[in-house]
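The values are calculated or read from the model by the stated rules, or taken from the named source; none is laboratory data. This is a predicted model, so every value here is computed, not measured. For neighbour counting, all protein chains shown are included, and Cβ atoms are generated from backbone atoms with ideal geometry for every residue, glycine included. The protein model used for the area step is the full one, side chains on, heavy atoms only, and it has no ligands, DNA or RNA in it. Shrake-Rupley method; radii C 1.70, N 1.55, O 1.52, S 1.80 Å.
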Amino acid sequence: MDSKKELVVPRIENGTVIDHIPTVALYQVIHILGLEKYQDQVLIGNYLNSMKLGKKGIIKINNKHFTKEEISKIALVAPFATIIDIKDFAVTDKFTTEIPDHVENFVKCANPKCITNSEQIATRFDIVDKVNLKLKCHYCEKFTTKDTLVINEK
Amino acid sequence: MSTLKGRNLISITDFNKEEYIEVLDIAEGFEKTPKQRVLADKVVATLFFEPSTRTRLSFESAANQLGARIIGFSDPGGTSVQKGESLHDTIVMVSSYADLIVMRNPKEGSARYASEVSTVPVINAGDGANQHPTQCMLDLYSIRKTQGTLENLQIACVGDLKYGRTVHSLVQAMCNFNATFHLVSPEELKLPSSVKMSIKNAGLKYYQYTDLRDIIPTADIIYMTRVQRERFPDPLEYERVKDSCILTASMLDGCKHNMKVLHPLPRVNEITMDVDKTPYAYYFQQAQNGVYVRQALMSAILGVK
């Protein structure tokens, strides 16, 4: 397919492209951004050839630009994904997601006894290990890891 | 005036080394003269969302000796909490009635959250398995009192080092004082790597053992904790290791003269009764020291010391 020099996933006129998503994380990205409910064109490709990753996922979302919080969510499940802003078919901004130092609101604490799981409290975490993804809860001080990570959808 | 005025005490790491020492110095004054009515115009709320004998009585005794009025509850039955009131609303309400809140709550992180919504300082009297900083402060007080210093000591921690929050806090606090740690536990209940990392980050050393006898000649302090049967998925495994962390009087032959045995209490069988009669037993005085330390904390936080 690639040899035909055609785009496997067509271009969008305005919106955002999320490129270089690890294949295992593609559906998680769709879910945490709430794209199942998004009422405009969303183009999705997975297991596409990639120089950088071998195989990758890509999502193109028409007429959508993401907030800082949404980019942080993407970074947690797809670190080093590329975010490309598109306007009139041209790239206006392009950057790689980076795992932030802190996240608020959207990660669920993995400790069932944590106060944030029984009262309506916005969660807060310090990311203490970005390589292995280890988050320390501001409240109960317990760790949430890659294996126990649950991100509240939009 | 203390630099601790208006501060919360939620986690032992909220205070630094100088602040620990400041609290211990103030506590020493209260040990000499316990009845000082410096909080006669203050109201202290003790909110115990789960039962606790020692901690609650210790706080209330401390507040009483300082002349403070005490409001609160010793279990949430019959309060608005039982009607389903959120912790947020309870704390907002109580902080308008009191000058200081002392809270125990089984939910981990509840104390930090309470301190964020309260308009008055909050002292954490235990938030589930997370933190119990006043216990740690009284442990430090007991160590300094019995050893004359907190610096350069050989600290042995024995028993359930995995789940024992008092051990985690003590290790973190003692990392400020150039301690060497001797960690005695069954394999299944070793100190978590995150706490060991605190020791390493402080440039200090720790040694791990499975037999309590190995540390008797070395230790300045033996800090005993309870090994609970329910921590073991396999009951046979519990039976195999349960005696390895029991201290008896005969084992204390050959210990250092200055050595003291501490325990956060309640004990079950991990220290046999014959140890009580030895000059090394210090756990009951340790509990008594809790009153002075809590007097010091309350008066420093309320700005009267």
Shape of the range B:38-180, Cα gyration tensor, a/c cut at 1.5: prolate
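Tell me, what is the FRET efficiency for B:K35 and A:H31 to the nearest 0.05, using R0 = 60 angstrom and their Cβ-Cβ distance as r? If you can, show how the numbers build up before the last one.
Details: r = 62 Å, r/R0 = 1.04.
About 0.45, to the nearest 0.05.
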Point-to-point label distance, B:T3-B:H88, nm (Cα→Cβ direction, 7 Å offset): 3.4 nm
Pairwise centroid distance, computed over Cα atoms, of the range B:64-93 with the range B:127-156, Å: 29 Å
Spherically averaged projected area in nm², based on the convex hull that wraps the Cα atoms of the range A:102-151: 2.9 nm²
Counting all C-alpha pairs of the range B:238-305, share separated by more than 17 Å (%): 55 percent
Rg and Dmax [Cα atoms of chain B; Å; Rg one decimal, Dmax integer]: 19.4, 57
Point-to-point label distance, B:E116-B:L236, nm (Cα→Cβ direction, 7 Å offset): 4.7 nm
Heavy-atom accessible surface that A and B bury in contact, both chains counted, 1.4 Å, Å² to 100: 1200 Å²
Among A:L26, A:L35, A:L53: highest mean-square fluctuation, GNM of chain A, C-alpha pairs under 10 Å: A:L53
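So what is the relative contact order of chain B, in percent, for Cα pairs below 8 Å that sit 6 or more residues apart?
Details: 588 pairs, mean separation 67.6, N = 305.
Computed value for chain B: 22 percent relative contact order.
Can you tell me the length gained on complete extension of the stretch A:K87 to A:N63, counting 0.36 nm per residue apart and subtracting the Cα distance? Intermediate results must be reported in sequence, preceding the final value.
Details: separation 24, 0.36 × 24 = 8.64 nm, distance 0.91 nm.
My answer for the length gained is 7.7 nm.
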Geometric extent, Cα atoms of chain A - Rg, Dmax (angstrom): 16.7, 55
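Evaluate 2.2 N^0.38 Å with N set to the residue count of the range B:65-110, then give the Cα radius of gyration divided by it. Intermediate values should be presented prior to the final figure.
Working: Rg = 11.5 Å, N = 46, 2.2 N^0.38 = 9.4 Å.
Rg over 2.2 N^0.38 Å, computed on Cα atoms: 1.22.
Stokes-Einstein D for the protein assembly as shown at 25 °C, 0.890 mPa s, Kirkwood Rh over Cα pairs, in µm²/s? Don't jump to the answer; show the numbers that get you there.
Numbers: Rh = 25.0 Å.
The diffusion coefficient I find is 98 µm²/s.
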Computed Rg/Rh of the range A:15-96, alpha carbon atoms with Kirkwood Rh: 0.93
Residue with peak Gaussian network fluctuation, chain A [Cα springs, cutoff 10 Å], from A:L135, A:L48, A:L33: A:L48
Choice from B:D220, B:D99, B:D234 with maximal GNM fluctuation in chain B (Cα, 10 Å cutoff): B:D234
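Which whole-number value in Å³ per residue fits the convex hull of the alpha carbons of the range B:31-99? Intermediate values should be presented prior to the final figure.
Numbers: hull volume 5.6 nm³, N = 69.
It comes to 81 Å³ per residue, whole-number rounded.
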